[in-house]
Amino acid sequence: MMTPLHAIQSIPRALLCLVLGFAGMAMEGQGVWDDPFESTRRAYRPAAWTYHIGTDHVMGLPSSWNSSWVVNRGTDEVPLLDTLHDGLWRAQPRMGAHLGMGHLWLREDALWADRVVAGLEIFLRRNDEMFVGLFKTWEGALNAPQDSTLAFTDIRRSAQAAGLAWNIQAMRGKSTGPDGFVEFQTGLRGAYHLTQSEPSQDAMMFSPAQLPVWHVAWTLGVGAGVKIWRGRMVRLTLSTEALQLGKAPTTEPFRPLQAGVAGLDWMQGSYRPWRVSVHADMYRRKPEGGCAAPTRSTSSKTLWDPKMKGTTKAKHKGLKKALEQRAEEDDW
């Protein structure tokens with residue numbers, strides 16, 4: 001079973017350094033705890049379309065675990081042990097992909113989250129496993145152990161799955177400069193696997209597991225962003241599924257590993273999905289203010305208050321009368 005410590009250790013250090021380095025590029029000596037979206041709220045609408053693309057992984061670094069299956073062909077009084085396989089499984093991470101879009105809302109005076117985003121995505125997951133060790137070479141050995149032998153061999157298995165996912169994330173950003181910020185995010189992510197390859201069956205091996213048709217997970221992530229233009233922001237994020245909150249019911253074959261609520265069982269191993277994403281947030285500018293409203297609105301009809309009708313004309317009449325009176329005085 002994969003522990004939370006193993007999951008943290010499985011995150012590639014290079015990718016974590018990339019996120020932190022991206023944040024460092026944006027630092028220019030401004031107060032770290034200033035609001036990075038203050039100017040955006042003033043000039044732009046508090047909502048934006050956001051698009052993202054990135055990679056999808058089920059593990060960070062290669063992992064391995066022992067696997068051994070010994071059965072008793074005899075009785076408890078006269079045991080006759082038979083080893084079907086004894087060796088080492090190795091899992092090699094393979095890069096998948098995801099692509100999605102969503103809608104983002106800016107929140108004012110928010111204590112825990114200054115942005116909330118909801119979106120959809122499509123994704124592809126891939127995985128490789130390899131067994132190295134002793135393996136029964138004859139299928140009949142399952143019932144006739146005395147007529148079979150163990151041989152050193154290697155077995156390679158590959159699998160992939162594609163599906164749709166939805167996510168709701170709450171984010172909190174901290175400024176690192178005039179145009180840069182770091183962010184922390186948490187939320188929910190649900191995935192539905194549309195297709196997945198059929199796992200290969202071996203009589204001398206434990207039954208492989210398939211991914212659940214659907215699952216819902218609590219996610220955690222970190223990221224860094226930079227304002228590249230007015231109302232345009234780019235963010236780089238690293239997120240993982242910290243806890244599986246719900247899974248579709250599946251068969252539970254006898255296996256050397258069980259993910260439980262920490263991750264997902266797949267093939268012979270257990271994994272915790274994680275993703276690296278590049279996001280582009282597109283804010284729309286607020287309409288320019290003006291003294292006259294559009295002609296199609298009712299506001300344009302009240303540009304001049306009816307109570308002021310005739311005021312300008314009255315001023316002109318008073319001025320004309322004063323000028324005529326001054327001219328008469330000059331004649332005298």
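For residues that are hydrophobic (A, V, I, L, M, F, W, C) and in contact with a helix residue (DSSP H, G or I) (Cβ under 8 Å, 6 or more places away or on another chain), scanning just segment 75-109, find the one that is modelled with the lowest pLDDT.
Of all residues in segment 75-109, those hydrophobic (A, V, I, L, M, F, W, C) come to 78, 80-81, 84, 88-89, 91, 95, 97, 99, 101, 104-106.
If we keep only those that are in contact with a helix residue (DSSP H, G or I) (Cβ under 8 Å, 6 or more places away or on another chain) as well, we get 80, 84, 106.
Details: Leu80: 85, Leu84: 89, Leu106: 92.
Selected residue: Leu80.
From Ala161, Ala165, which residue is touching a His at 6+ places or on another chain (Cβ under 6 Å), within 27 Å of Glu121 (Cβ to Cβ) and hydrophobic (A, V, I, L, M, F, W, C)? Let's see the steps before the verdict.
On the way: Ala165 fails: touching a His at 6+ places or on another chain (Cβ under 6 Å).
When all the criteria are applied, what remains is Ala161.
Any idea how many residues of segment 180-190 are farther than 23 Å from His215 by Cβ and surrounded by fewer than 17 Cβ atoms within 10 Å (Cβ to Cβ)?
Residues in segment 180-190 being farther than 23 Å from His215 by Cβ and surrounded by fewer than 17 Cβ atoms within 10 Å (Cβ to Cβ): 1 in total.
Scanning segment 198-224 for residues that are at pLDDT below 95 and either closer than 30 Å to Glu38 by Cα or polar (S, T, N, Q) (or both), which turns out nearest to the chain's Cα centre (by Cα)?
So the residue we want is Gln210.
The values are calculated or read from the model by the stated rules, or taken from the named source; none is laboratory data. For clarity, every value in this text was computed on a predicted model and none was experimentally measured. Using ideal geometry, Cβ is built from the backbone for each residue, glycine included, and neighbour counts are taken over all protein chains shown.
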